[in-house]
Amino acid sequence: MSDGSGAVSADLVRLAHDVVAYVGGTRDSVPHTGEIELRIGGARVGTATLPTGPSGPRTLNAACPHGQSTYAAAVCPVDLFGPIKNARINNVGLTYAPDVAPILCAPPREGPPPRGSVIVLRPVEAWRTCASDFELVLMSDGHGRVTGIDLTLSEP
């Protein structure tokens, strides 16, 4: 992962690396605060507890906003970790930044901005198209623990 802006704290960068390692199966857990808030495109869609252990699933499924059956190009439930998995499979680098930014061809964001300290994961610039752009926002409590995850996807 590379820094897209230079303004992200070291604790949040470490948390982002932990999440990517967890999704990739090289880490058994991620520091989090019990139930974490799940959002899709800014809309709150529920809560979840991250599974732990070496054989735990690396999937974090969430329902679509407003009871819809799809969100952007995804069928519900949406795996919030899916874009990171796809990036790893396709050997696509990830960048991080301190703020939410416009996503190519994404539906409009809903709800309030992410709370607490945040780090935003996105694919590298060369990979950002209407078919592949995404933004995964990790919300933290300031103690290096995930309090919420917000995924925005592009829509071809």
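Odds and ends about this structure:
- The chain - mean residue ellipticity at 222 nm from DSSP helices (-39,500 (n - 2.57) per run, n ≥ 4, rounded to 500): -4500 deg cm²/dmol
- For Leu50, solvent-accessible area (1.4 Å; no DNA, RNA or ligand), Å²: 10 Å²
- Within the accessible area of the chain, the carbon and sulfur atoms contribute 53%, probe 1.4 Å, all protein chains present.
- Volume per residue that the Cα convex hull of the chain spans, once the total is divided by residue count, Å³: 101 Å³
- Subtracting the Cα-Cα distance of His66 and Thr52 from their residue separation scaled by 0.36 nm leaves 2.1 nm.
- In the full protein context, region 1-142 carries 47 Å² of accessible surface per residue, based on a 1.4 Å probe and ignoring ligands, DNA and RNA.
The values are calculated or read from the model by the stated rules, or taken from the named source; none is laboratory data. It should be emphasised that the depicted structure is a prediction, and the values quoted were computed from it without experimental measurement. Just the protein is used for accessible areas: all its heavy atoms, side chains included, with ligands, DNA and RNA removed. Shrake-Rupley method; radii C 1.70, N 1.55, O 1.52, S 1.80 Å.
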